[in-house]
1. Any residue in the stretch 221-233 that's on the phi > 0 side of the Ramachandran plot: show its pairings with residues that are not basic (K, R) at Cβ separation under 6 Å, as long as the two are six or more apart or on different chains.
2. When only residues in the stretch 184-200 that are in contact with a Leu (Cβ under 7 Å, 6 or more places away or on another chain) and in a loop (DSSP other than H, G, I, E, B) count, which is nearest to G30 (Cα to Cα)?
3. What number of residues within the stretch 110-159 are over 14 Å from the mean Cα position of the chain (by Cα), at negative phi and not basic (K, R)?
4. Quick test of your reading of the structure: A204 fulfils all but one of (1) assigned to a loop (DSSP other than H, G, I, E, B); (2) closer than 26 Å to K272 by Cβ; (3) not basic (K, R). Name the failing condition by number.
5. Out of curiosity, is L198 in contact with a strand residue (DSSP E or B) (Cβ under 6 Å, 6 or more places away or on another chain) and not basic (K, R)?
Amino acid sequence: MMNKFNIASSKETIEMLYDNNTSIARFGDGELSYIQKKGLYFQNYNAELANRLNEVLNSNIPNLLIGLPIALNRENCELYEGYAKEYWIDWLDKNEEKMLQMINEKNKYYSAQISRFYLDYKDKTYVGEYVEMLKKIWDNRDIVIIEGEKSRLGVGNDLFNNVKSINRILCPPEDAFFKYNEILNKAKEVKKDKLILLALGPTATVLAYDLHKLGYKAVDIGHVDIEYEWYLRKAKTKIKIDNKYMGEQGVMGAEAESKQDRLNIKDVQDEKYEKEIIERII
């Protein structure tokens with residue numbers, strides 16, 4: 001049985017992010033596996049990225065929250081249903097000893113699940129209230145979204161209807177880390193009173209860390225838009241969303257798709273979205 005890690009709930013994590021000086025870098029199963037030299041289907045293995053992820057995981061920087069999966073504490077698997085519960089129990093069976101070696105049990109961590117709030121859980125009655133809590137992070141803020149080219153966070157839904165303004169920096173939808181310096185340099189041109197939201201796989205984890213050290217508020221928010229789309233549709237399983245890239249295995253056979261198939265996503269005809277784009281790093 002795995003020893004108990006000190007991981008805050010998603011609610012506590014969100015409340016911490018209301019502080020304008022607080023950022024978060026999140027580690028899901030993908031990032032934790034990447035440190036162990038296992039590439040992801042949307043980010044090929046790169047030793048520099050693995051080393052940077054390990055650096056972030058072991059950092060201790062004021063106001064930078066490090067997010068971990070709540071399922072690392074095995075009893076939290078009971079919050080999940082179906083495939084998600086089975087997946088995490090199996091993942092822990094294979095990885096818990098490695099996690100005990102990699103993660104400092106004395107540290108306080110936060111929930112990596114802040115952006116995964118709907119599909120996997122048995123109890124979905126709280127989701128509407130949770131989304132309103134989440135939206136308070138960017139309420140009345142000027143935000144810059146740094147995302148994969150076809151992720152299109154908030155396009156076609158009301159997730160960011162409460163912001164002052166949105167700008168977007170579009171990055172490669174896969175293997176984004178290979179353009180890391182270019183992405184970071186462009187992000188450094190953003191004014192520091194703007195909130196930066198990141199959706200870029202493991203690259204976002206490192207970027208949140210680097211931007212926080214430079215004095216930005218950076219929130220690695222990853223999967224939030226797709227999860228919100230599933231909530232709006234009352235989805236029972238992972239389904240594809242038209243016009244949006246899915247950084248998700250197991251979506252209608254996504255793990256078996258070629259890169260060309262995964263990136264074969266319809267364009268959007270949205271004038272507002274096009275005007276929000278300030279840079280394309282592709």
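Bear in mind that the values in this text are calculations on the coordinates, not laboratory data. Predicted, not measured: the structure shown is a model, and the values here were computed from it. Here Cβ is always computed from backbone atoms with ideal geometry, including for glycine, and neighbour counts include all displayed protein chains.
1. G222/S115; G222/A199
2. L200
3. Adding up the residues that qualify gives 25.
4. (1)
5. Working: in contact with a strand residue (DSSP E or B) (Cβ under 6 Å, 6 or more places away or on another chain): yes; not basic (K, R): yes.
Criteria met by L198.
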